[in-house]
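In what follows, a single structure is set out as structure tokens and then discussed.
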Amino acid sequence: MKVTVKNLCRRLALTALGFVAAAAGASEVVEQKIDSAAHDFRIVRLASGLHHPWAVAPLPDGRFLVSERRGRLALIEDGQVKYLDGVPQVSALGQGGLLDLALHPQYGDSHHDWIYMTYSKPGEKGTATALARAKLKGAALVEFEELFAQDRYSHPGRHYGSRLAWRGDGTLLMTVGDRGVTPERAQDRRDHAGSVLRLTATGAAPADNPFAGDESGLDEIYSFGNRNIQGLVVADDGRIWASEHAALTGDELNLIEAGANYGWPVATRSKDYGSGQPIGVPSMPGVRDAKHIYSGRFAPSGLAQVDSNYFPGWKGNLLAGGLGSEKLLRLVLRDGEVVDTEELLEGELGRIRDVRQGADGYLYLLSDSSDGGLYRLVPAQ
């Protein structure tokens, strides 16, 4: 941007706005203008001091729910953070803890004011990825109900998944990681590990799931052979997109379909951490290939589709967050294929854990650190 008196005054005004907002505990402009191919945008910090936040759920009244991995659920209003009572006990060892959040599709109707959450549930034989729901009342969760827990508890700490996404038919998708110790579990359809599940709003298995009533697979499984999905979105056209952690490189963007096998660990572009040698083969019959392989060690977490009048040039695109890479990528889709990518952020926010579009049309990100933040992307004007 050319430096003129007008632009200099604009910069000073934005900086002053950021200082005033920070002092008031409200929003703070942290990046005044970031260039991109279709839309220049600004980054506004809405809250800070969050301890390894994992998921954000924007509420219809303008407040936000944010899960922290160590087992706290924050309610954020005007930059102020309040922690809620009534949160389930979690195993916060390693990658475990309080994980994803999703509102019922009819949230706002008093009969459907359910908040769904996933977490690592402790038990006598280890931990399991679990799903529960509750309602928000004042500063607490009430009417808590555990709806589902994976069938096999195992050593705590690794590869829980775990993302949620609603389909247009009212069913809920939930990802479960391979749990890290025995990757081959992802190829066993009688084990929830390494899969995408499809559930009803009360945690049951729909009768039309691909293996329902079939002894070859568990009723809840929708797809399998998935290592550790931490980005999940149902697009406007009904397609299900998932960002999946590989091992050493080879992170994938997959198009999830009923009954499909996505290969882990027998077919993957990933390499072994210790030896650096390929794991399995790149592709094989009967296995769905990834639609996109993220470059380098991307470490995907958080995935959203843009459908916002604030960003018309991004409509229909996916935004994918990266942890170790500290990147935010824009993926351009056409007929179920990735035809172009653009790097929107690299390092400005650190590790990006979650990416969401709110009902207000703005885009929201969480940074993953012991002093994490909630951020809003807005057009630069």
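Residues checked against (1) of a type in the set (A, V, I, L, M); (2) over 17 Å from the mean Cα position of the chain (by Cα); (3) in the same structural domain as THR182 (by TED's automatic domain parsing); (4) under 20 Å from THR171 (Cβ atoms):
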{"position": "GLY96", "(1), (2), (3), (4)": "no, no, yes, no"}
{"position": "ASP100", "(1), (2), (3), (4)": "no, no, yes, yes"}
{"position": "HIS112", "(1), (2), (3), (4)": "no, yes, yes, yes"}
{"position": "LYS121", "(1), (2), (3), (4)": "no, yes, yes, no"}
{"position": "GLY138", "(1), (2), (3), (4)": "no, yes, yes, no"}
{"position": "ASP151", "(1), (2), (3), (4)": "no, yes, yes, yes"}
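State yes or no: is GLU252 within 19 Å of LEU99 (Cβ to Cβ) and surrounded by 15 or more Cβ atoms within 10 Å (Cβ to Cβ)? Criteria not met by GLU252. Quick check on segment 5-23. Is at least one of its residues modelled with pLDDT of 95 or more and polar (S, T, N, Q)? Within segment 5-23, none of the residues are modelled with pLDDT of 95 or more and polar (S, T, N, Q). Applying a threshold of 6 Å to beta carbon distances and a minimum spacing of six or more residues, or different chains, the list of pairs starting in segment 163-187 at a residue that is surrounded by fewer than 16 Cβ atoms within 10 Å (Cβ to Cβ) and ending at one that is β-branched (Val, Ile, Thr) and at pLDDT 95 or above reads ARG167/VAL234. Every test in (1) within 23 Å of LEU363 (Cα to Cα); (2) modelled with pLDDT under 95; (3) of a type in the set (Lys, Arg) is passed by ARG63 save one, and that test is (2). Per the listing ASP335, ASP340, the residue uniquely charged (D, E, K, R) and on the phi > 0 side of the Ramachandran plot is ASP335. Among the numbered conditions (1) surrounded by fewer than 18 Cβ atoms within 10 Å (Cβ to Cβ); (2) more than 23 Å from GLU77 (Cα to Cα), the only one that GLU326 does not meet is (1). Looking only at segment 142-157, residues that are touching a Lys or Arg at 6+ places or on another chain (Cβ under 7 Å) and either more than 22 Å from ALA57 (Cα to Cα) or crowded, with 17+ Cβ neighbours inside 10 Å (or both) come to 4 in all. Sub-9 Å Cβ pairs linking a first residue in segment 276-289 that is of a type in the set (Val, Ile, Thr) to a second residue that is assigned to a strand (DSSP E or B), at least 6 apart or interchain, are ILE279/LEU248; ILE279/LYS271; VAL281/ALA267; VAL287/ASN261; VAL287/ALA267, ordered by first then second residue.
Of all residues in segment 207-233, those satisfying the criterion of being buried (at least 18 other Cβ atoms within 10 Å of the Cβ) and aliphatic (A, V, I, L, M) are LEU218, ILE221, ILE229, LEU232, VAL233. Within segment 251-275, restricting attention to residues that are over 21 Å from the mean Cα position of the chain (by Cα) and of a type in the set (A, V, I, L, M), the residue that is farthest from GLY347 (Cα to Cα) is ALA260. Sub-7 Å Cβ pairs linking a first residue in segment 204-215 that is touching a residue at least 60 places away in the same chain (Cβ under 8 Å) and within 21 Å of ALA130 (Cα to Cα) to a second residue that is surrounded by 13 or more Cβ atoms within 10 Å (Cβ to Cβ) and among the hydrophobic types (A, V, I, L, M, F, W, C), at least 6 apart or interchain, number zero.
Remark: pairs (first residue in segment 348-369, in contact (Cβ under 8 Å) with a residue 12 or more places away in the chain; second residue of a type in the set (A, V, I, L, M, F, W, C) and assigned to a loop (DSSP other than H, G, I, E, B); Cβ separation under 6 Å; 6+ apart in sequence or on different chains) = ARG351/LEU323; SER367/LEU349.
Criterion applied to PRO300, PRO278 was being modelled with pLDDT of 95 or more and over 14 Å from the mean Cα position of the chain (by Cα), and the one residue passing it is PRO278. Taking segment 262-275 as the range and being among the aliphatic types (A, V, I, L, M) and in contact (Cβ under 8 Å) with a residue 60 or more places away in the chain as the test, only VAL266 passes. Going through segment 54-113 one residue at a time, which ones are surrounded by fewer than 20 Cβ atoms within 10 Å (Cβ to Cβ), part of a strand (DSSP E or B) and of a type in the set (Ser, Thr, Tyr)? Result: TYR83, TYR107. Within segment 228-257, residues that are over 21 Å from ALA193 (Cβ atoms) sit with their Cβ atoms under 8 Å from residues that are among the acidic types (Asp, Glu) and part of a loop (DSSP other than H, G, I, E, B), at 6+ positions apart or across chains, in these pairs: ASP236/ASP307. Taking segment 162-228 and the strands (runs of 3 or more DSSP E) fully enclosed by it, the elements with 3 or more residues that are in the same structural domain as PRO282 (by TED's automatic domain parsing) and within 16 Å of ALA149 (Cβ to Cβ) are at 172-176, 195-199. If you go through segment 238-283 and keep only what is of a type in the set (D, E, K, R) and more than 21 Å from ARG330 (Cβ to Cβ), you end up with GLU257, ARG269, LYS271, ASP272.
The values are calculated or read from the model by the stated rules, or taken from the named source; none is laboratory data. Not measured: the values here are computed from a predicted model. When we count neighbours, we look across all protein chains shown, and the Cβ atoms used for this are built from the backbone with ideal geometry, even at glycine.
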